[in-house]
Amino acid sequence: MPYWFEPHTQSVEINGRTLTIETGRMAKQAAGAALVTYGETVVLVTAAHGDPRPGIDFFPLTVDFVEKTSAAGKFPGGFFKREARLSDREILVCRFIDRSIRPLFAEGYNDETQVIATVLSADGENPPDVIGFLGASAALTISEIPFLGPIAGVRVGRVDGTLIANPTREQMGASDLEFVVAGSREALVMVEGEAKEVPEEELLAALRFGHETLIPLIDAQDELRRLAGKEKIQIFVPEVPDDGLEARVREAAEARLGEAVALTDKGERYGTISAIEKEVVNGITSEFREEKVAFESLDAVETRQAALSSLTKRTKGLLKDIRSEAVRRNVLDEGRRIDGRAPADIRQIACEVSVVPRAHGTGLFTRGETQALVYATLGSSFDSQTIDSLTERYEKNFLLHYNFPPFSVGEARFLRGPSRRDIGHGNLAERALQPVLPDFEDFPYTVRVVSEVLESNGSSSMATICGGTLAMMDAGVPLKAPVAGIAMGLIEDGGKVAILSDILGDEDHLGDMDFKVAGTRKGITAVQMDIKIQSVDWDVMARAMEQARLGRLHILECMQSETASELGELQARAELSRYAPRVDVIWIKPDRIRDVIGPGGKVIRAIQETTGAKIDIEDSGEVTLFSPDMDALARARAMVEELTQEADIGRLYVSKVKRITDFGAFCEIFPGTDGLVHISHLAEGRVERVTDVVQEGDEVLVKCIDIDPSGRIRLSRKEALADAASSDA
């Protein structure tokens, strides 16, 4: 190997397969690079940083996860045959990597930082997402970037009651839960996944198992850092001058902000806080401006402007800290939250269905100052989404789209396409509802749920789940059970712990944990958890889960009582909306499919154009008909049956003589199907010539008397006439 290569590797055995982290062979100009291999799936992750942006007050971190189709030996779809924007799946992986690593950079570090995970090889058995997550931590850990890791992540599944780390695709097909668990050596930092109505104690066991499994991966990164790690950047945090600014700000604002954060109405609270902070900032900066200083040069002017900017920034930072302290103090010391609730209280809930007339189903779910109007639309299999992923192509029959317009939080900004946040929130709600959908064989509809967030002050994704349940039940989708979601929070300080149910937006921002839980009365269907502090005790997590369960049950009871006149015991309507398509299923022999389709699709197009119904035919011979018009559905069914009907022994047919031979007449009993009436079966007694009884073109009553193994049909005019005479008698 050339002298400039200095590769270092570490390996860990997980679920019978070796996972290897390597650095020093690829992408050496990045601040940190890790090549992670698991089975035949390989992901390269790089970390790089640049200069800090002047004047910003946030950490500019960008995370990208890129799946190249060449990694699976495929061509990209589309006209250009080149990868373009990130897919929804890639965005979701970006999000869970970002959410896990973002809190773990040293305070004061504001360099432009980018993490890129590129899938180099995909074997279809080992998903590259958790591999990319591990690579992100490893690349940052060995780089000079002040990352406070390492952390690691694993996927947890359960097959026949046995928990499995990083299950294969085949194992995941039999699993009743799927969670991506990320954590440090001390505790979890992020959880995301879904389950089939799993009880809380079983979820907690899965999380413990996941945390235990990822410890060897953290050990491997520590060893890699020892072998190849760079010295970390030293963050210079300027000393805050002891100029009495904090005392002045507290004197001017602390008491008033303490009263303002207790205002229950969001608009009034935000307005009052903004007015107080603006007044304090203006008061302090005006004193600075009034100081008489002689400017001897341009440098002196710039220095004074920089000092003013620093003063403004410090004042705003102090005001934010005071506001946060007031909120946390009220919760921990007095058990009183921003809007006056106790920690376990849930805001008032209102629910409606059939909110607008032409939609197939709608649900309006309002919880406090959060409101979602959710639509459910039913379609045929033609409306399903074709997913051309890295290693497979499949049809998706359930879609959930989440929209967060700016007016929902009282803002005005340009409408663009869905943001990463929109895609992430929609995916969480989709995961929560997916386990309770009816099997496609029993309810052969493509279902699209669209959530329009009309107001937001705390967990609009959970409102989407509740509204989605109502909308689908209103549309007549026979869900296995209703689902509700709740967002939990945590505030912990000095040994005091407060678990908050149904958190507000401010409680999310100022709290130490955001824990979203969705499920039925029986168990959990989806979880998303982000922990912002170093660790959360397992007992506290168990308490949070139990409090979330009680909150979920309360919300389900509210949903039932609010819609009892429409949905009864919170069940789907017995009848579909009159605007929804009706469905009918016919089974035909696979070799008759060509008769329905016709040459070049001519026959099936003619049926659809004539009746207005949609027809979907599977290779198995399953023919699914869709139409909102029952008469159109009946006409389409009759036409398909006429094209594909089979002869039944003992049945009478009015046939048409198509051809005459010396030994009998060939008669068409229905389009495309002929049978032979032997001369001995034309009439009673002896028949000398076939033409003595029938002529070509005659319509003749016949009876099917036999079908031989090769499918040839024997008919009898003699027996048909006898049966008809007997029937008349």
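Hey, what angle do you get for helix 245-260 against the long axis of the chain, alpha-carbon based, 0 to 90 degrees rounded to 10?
40 degrees
Between rounded, prolate and oblate, where does region 449-503 land on the alpha carbon gyration tensor, with a ≥ b ≥ c its root eigenvalues, rounded for a/c under 1.5, else prolate if a/b exceeds b/c?
Oblate, because a/c is 1.5 or more while a/b does not exceed b/c.
What's the exposure ranking of Thr264, Thr673, going from fewest to most Cβ atoms within 10 Å?
In increasing order of surrounding Cβ atoms, one gets Thr264, Thr673.
Kindly work out what percent of the DSSP beta bridges joining two residues of region 652-728 are antiparallel, to the nearest 5.
For region 652-728, the DSSP antiparallel bridge percentage is about 90.
Would you mind calculating the relative contact order of region 585-659 from Cα pairs under 8 angstrom and at least 6 residues apart, reporting the percent as a whole number?
Relative CO of region 585-659 lands at 31 percent.
Can you return the lysines within cross-link range of Lys196? Criterion is Cα-Cα under 29 Å, with same-chain partners fewer than 8 residues away left out.
Result set, ordered by chain and number: Lys396, Lys480, Lys516, Lys522, Lys532.
How do the peptides 364-370, 28-34, 533-539 rank, highest first, by the average count of neighbouring beta carbon atoms within 10 Å per residue?
Listed from highest to lowest mean packing, they are 364-370, 28-34, 533-539.
Rounded, prolate or oblate: pick one for region 652-728, where a ≥ b ≥ c are the square roots of the eigenvalues of its C-alpha gyration tensor, a/c under 1.5 means rounded, and failing that, prolate if a/b is larger than b/c, else oblate. Spell out each step's value before the answer.
Details: a/c = 1.35, a/b = 1.07, b/c = 1.26.
Cα axes put region 652-728 in the rounded bin.
Would you mind computing, in nm to one decimal, how far apart the modelled labels at Ala606 and Ala174 are, each placed 7 Å from Cα along Cα→Cβ?
My value for the distance between the label points is 5.0 nm.
Within a Cβ distance under 13 Å of Ile273, other residues only, what is the Lys/Arg minus Asp/Glu net charge?
0
Got a sec? Which residues in region 584-616 would a label at Glu641 touch, if it sits 7 Å along Cα→Cβ and we count backbone N under 14 Å?
Inside the label zone: 584-588.
Which order do Ser451, Ser419, Ser459 fall in if you start with the one that has the fewest other Cβ atoms within 10 Å?
Lowest to highest Cβ neighbour count: Ser419, Ser459, Ser451.
Would you list Met462, Met541, Met639 from fewest to most Cβ contacts within 10 Å?
By the 10 Å Cβ count, ascending: Met639, Met541, Met462.
Can you list the GluC sites (Glu not before Pro) in region 661-729 that are in a DSSP coil and have 14 or fewer other beta carbons within 10 angstrom? Could you put the intermediate results ahead of the total?
On the way: sites: Glu668, Glu684, Glu688, Glu696, Glu699, Glu719; in loops: Glu684, Glu688, Glu696.
Counting only loop positions with at most 14 other Cβ atoms within 10 Å, the GluC sites (Glu not before Pro) in region 661-729 are Glu684, Glu688, Glu696.
Would you kindly state how much longer the chain becomes between Asp493 and Thr9 on full extension, computed as 0.36 nm times their sequence separation minus their alpha carbon distance, in nm to one decimal?
Answer, rounded to one decimal: 170.2 nm.
Work out the length of the dipole vector of the chain about its Cα centre, built from +1 on the beta-carbon of each Lys and Arg and -1 on the beta-carbon of each Asp and Glu, and round it to the nearest 20 debye.
Details: 84 positive and 118 negative charges, 203 e Å.
In debye, rounded to 20, the chain gives about 980.
Specify whether the C-alpha gyration tensor of region 591-729 places it in the rounded, prolate or oblate class, a ≥ b ≥ c being the square roots of the eigenvalues: rounded for a/c under 1.5, otherwise prolate if a/b is larger than b/c and oblate if not.
prolate
List the aspartates and glutamates whose Cα sits under 15 Å from the Cα of Lys232, skipping any in the same chain fewer than 8 residues away.
Glu107, Asp111, Glu144, Asp222
Could you work out the local net charge near Leu399, counting Lys and Arg as +1, Asp and Glu as -1, over the other residues with Cβ closer than 12 Å to its Cβ? Mind dumping the intermediate values first?
Numbers: positive: Lys396, Arg448; negative: Asp88, Asp383, Glu395, Glu430.
Here the charged neighbours net out to -2.
Evaluate the relative contact order of region 482-583 (contact order divided by residue number), counting alpha-carbon pairs under 8 angstrom at least 6 apart; express in whole percent.
For region 482-583, the relative contact order is 25 percent.
Can you show me the helix-derived [θ] at 222 nm for the chain, built from DSSP H runs with n ≥ 4 at -39,500 (n - 2.57) apiece and divided by the number of residues, rounded to the nearest 500.
For the chain, the value works out to -11000 deg cm²/dmol.
Hand me the GluC sites (Glu not before Pro) from region 507-603 located in a DSSP loop with no more than 16 other Cβ atoms within 10 Å, in residue order please.
Passing sites in region 507-603 are Glu569, Glu575.
Defining a contact as two alpha carbons under 8 Å apart and six or more residues distant in sequence, what relative contact order in percent does the chain show?
Relative contact order of the chain: 9 percent.
Can you list which of the GluC sites (Glu not before Pro) found in region 388-464 are DSSP loop residues with at most 14 other C-beta atoms within 10 Å?
Passing sites in region 388-464 are Glu392, Glu411, Glu441.
Here is the link list: Lys74/Lys614; Lys614/Lys658; Lys266/Lys313. Which ones come out longer than 29 Å on Cα distance?
Cα-Cα > 29 Å for Lys74/Lys614; Lys614/Lys658; rest within.
Have a look at the DSSP beta bridges in region 8-228 and tell me what percent are antiparallel, nearest 5.
Approximately 85 percent, going by the DSSP bridge assignments.
Just from the alpha-carbon atoms, what are the Rg and Dmax of region 591-660 in angstroms?
Cα radius of gyration and Dmax of region 591-660 are 13.9, 46 Å respectively.
How much of the DSSP bridge set in the chain is antiparallel, in percent, rounded to the nearest 5?
90 percent
Bear in mind that the values in this text are calculations on the coordinates, not laboratory data. In this text, all values refer to a predicted model and were calculated from it rather than measured experimentally. Note that we place each Cβ from the backbone using ideal geometry, even for glycine, and neighbour counts take in every protein chain shown.
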